[in-house]
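First up is the structure itself, then whatever we jot down about it.
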Amino acid sequence: MNENIIRACDMIKEATNTWVLSGAGISTESGIPDFRSPKVGLWNKIDPMEALSTEVLYNNPKKFYDIGYKLLLGMEDVEPNKGHLALAEMEKLGFIKGIITQNIDGLHQKGGSKNVLEIHGHIRTGRCINCGKVVKLSVLTEKVNKNQIPPKCDKCNGMLRPDVVMFGDNLPEDFNIAWENSKTADLMIVVGSSLTVAPANYLPQMASKVIIINIGETPMDKHADLVIRDKIGNVLTKILDKLKKGE
Ligand code: NAD
């Protein structure tokens with residue numbers, strides 16, 4: 001473990017354009033279940049392709065608001081953990097340029113990170129699919145709690161939906177920016193992603209060097225320059241401590 005930490009620090013110090021790609025695994029230490037960890041993962045109980053799909057959202061909104069939407073609400077009022085905090089400090093100290101996250105929970109920003117690209121959207125807001133009006137997610141929740149399913153826009157009566165990328169949705173502009181940044185990255189640190197969701201899993205393949213910090217195996221492990229199989233919070237805290245000491 002220690003040797004790996006030293007190697008990671010050396011790679012970070014050598015690099016000049018380091019980006020982080022984060023996935024659901026960084027937020028498990030805050031209490032949000034990920035999708036694919038064995039046994040505890042949400043998806044052992046629910047099929048994500050269904051619960052958070054455009055197919056269900058548009059064709060069976062009752063089912064969406066009964067299952068998928070509740071998963072999103074479970075990510076509100078959650079606090080960032082030491083992994084998020086370490087990354088925020090690494091950005092502040094200039095060791096990383098920013099974070100590309102597949103997460104929708106907003107915990108990087110809550111932890112103090114500034115340059116965050118949310119390639120799968122977020123749970124802060126929703127919008128009307130007819131007129132585009134943006135509202136806080138709490139507006140949708142209030143309407144759903146009053147049994148208005150699907151929730152309707154106050155301006156045009158169109159359907160409101162969360163600003164989260166569902167299976168079947170196009171990706172937001174943040175993904176194009178992430179793509180460009182990955183092309184020029186000389187190092188990408190992947191934290192807490194199974195690297196099974198495309199096209200997010202193409203991004204590390206574009207960076208010159210890759211460090212993977214993940215408990216479970218990923219299909220990219222054999223191509224990575226360094227793989228650290230340990231808990232993200234511990235690993236990132238150790239890396240940050242060493243970098244701060246100039247070691
Ligand atoms: P994933 O669930 O497919 O994989 C998570 C990986 O993290 C696993 O390989 C697991 O071994 C590892 N992991 C879990 N806890 C860890 C820890 N403490 N330390 C080190 N490794 C740990 O996640 P993914 O690749 O991000 O893909 C899932 C999709 O689901 C993404 O698109 C994301 O948008 C969405 N999602 C988001 C959240 C969130 O916002 N917190 C939660 C669940 C799912």
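The values are calculated or read from the model by the stated rules, or taken from the named source; none is laboratory data. Small disclaimer: the values here were computed from a predicted structure and weren't measured. As a convention, Cβ positions derive from the backbone with ideal geometry for all residues, glycine included, and neighbour counts pool all protein chains shown.
Structure notes:
- Those strands (runs of 3 or more DSSP E) of region 66-138 in which at least 3 residues are within 15 Å of the chain's Cα centre (by Cα), considering only elements entirely within it, cover 98-101, 116-118, 121-128.
- A residue that is under 30 Å from residue 204 (Cβ atoms), more than 10 Å from the ligand (Cβ to nearest atom) and modelled with pLDDT of 95 or more occurs somewhere in region 121-129.
- Listed by first and then second residue, the pairs linking a residue in region 20-36 that is free of Cβ contacts under 8 Å to residues at least 24 places away in the same chain and within 18 Å of residue 199 (Cα to Cα) to a residue that is more than 7 Å from the ligand (Cβ to nearest atom) and in a helix (DSSP H, G or I), with Cβ atoms under 8 Å apart and 6 or more places separating them unless they lie on different chains, form an empty list.
- Filter result for residue 50 (touching a Gly at 6+ places or on another chain (Cβ under 9 Å), of a type in the set (Asp, Glu), more than 9 Å from the ligand (Cβ to nearest atom) and at pLDDT below 95): yes
- Scanning region 192-209 for residues that are surrounded by fewer than 24 Cβ atoms within 10 Å (Cβ to Cβ) and within 23 Å of residue 14 (Cβ to Cβ), we see that the one that is farthest from the ligand (Cβ to nearest atom) is 208.
- Given (1) closer than 17 Å to residue 100 by Cα; (2) free of Cβ contacts under 8 Å to residues at least 12 places away in the same chain, number of the condition residue 122 does not satisfy: (2)
- Within region 57-112, being aliphatic (A, V, I, L, M) and under 16 Å from residue 126 (Cβ atoms) holds for 57, 71, 72, 73, 75, 104.
- The one condition from (1) farther than 27 Å from residue 202 by Cα; (2) touching a residue at least 40 places away in the same chain (Cβ under 8 Å) that residue 60 does not meet is (2).
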